[in-house]
Amino acid sequence: PIPQRTEFIANSVSFAQDMRGGVTYSIDQGKTFSDRPMIQVKGKSVPAPAASYTHLRIRLKQAINPQSAVSAHYQVRVQ
């Protein structure tokens, strides 16, 4: 989860150790995830602002060995 009283900063996910991965986001407390969550505004679907993200899910694109460690980071703004 993204910590309470913070907001996710768009495009701030980074991976250490030359790892690559994909990120999906939730705007409904982790019930559903999408690479581009959408909301309804005046009857139209538009991308949800990053400030509305409640969770993120990171999936690595390559396998890692047992006993290995991998780091991923993201930034938030304190409200």
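We did not get these values from a lab; they are worked out from the coordinates using the rules stated. From a predicted model like this one, the values you see are computed outputs, not experimental measurements. All Cβ positions, glycine included, derive from the backbone under ideal geometry; neighbour counts span all protein chains shown.
Brief remarks on what is shown
- Spin-label model, Phe33/Tyr74: points 7 Å from Cα along the beta carbon direction are separated by 0.9 nm.
- Candidates Ile64, Ile27, Ile39: whichever shows maximal mean-square fluctuation once the chain is modelled as a Gaussian network with Cα springs under 10 Å: Ile64
- Relative contact order [Cα under 8 Å, 6+ residues apart], the chain, whole percent: 47 percent
- Given charges at Cβ of Lys, Arg, Asp, Glu: segment 6-78 dipole, positive-most of His73, Gln62, Pro37: Pro37
- Highest mobility in the GNM of the chain, judged by mean-square fluctuation with C-alpha springs under 10 Å and restricted to Pro37, Pro49, Pro66, is found for Pro66.
- Cβ-placed point charges (K, R +1; D, E -1), dipole of the chain about Cα centre in debye, nearest 20: 200 debye
- When semi-axes √(5λ) of the Cα gyration tensor in Å is calculated for this entry, the matching label among [x] 24, 18, 10; [y] 34, 12, 8; [z] 26, 14, 10 is [z].
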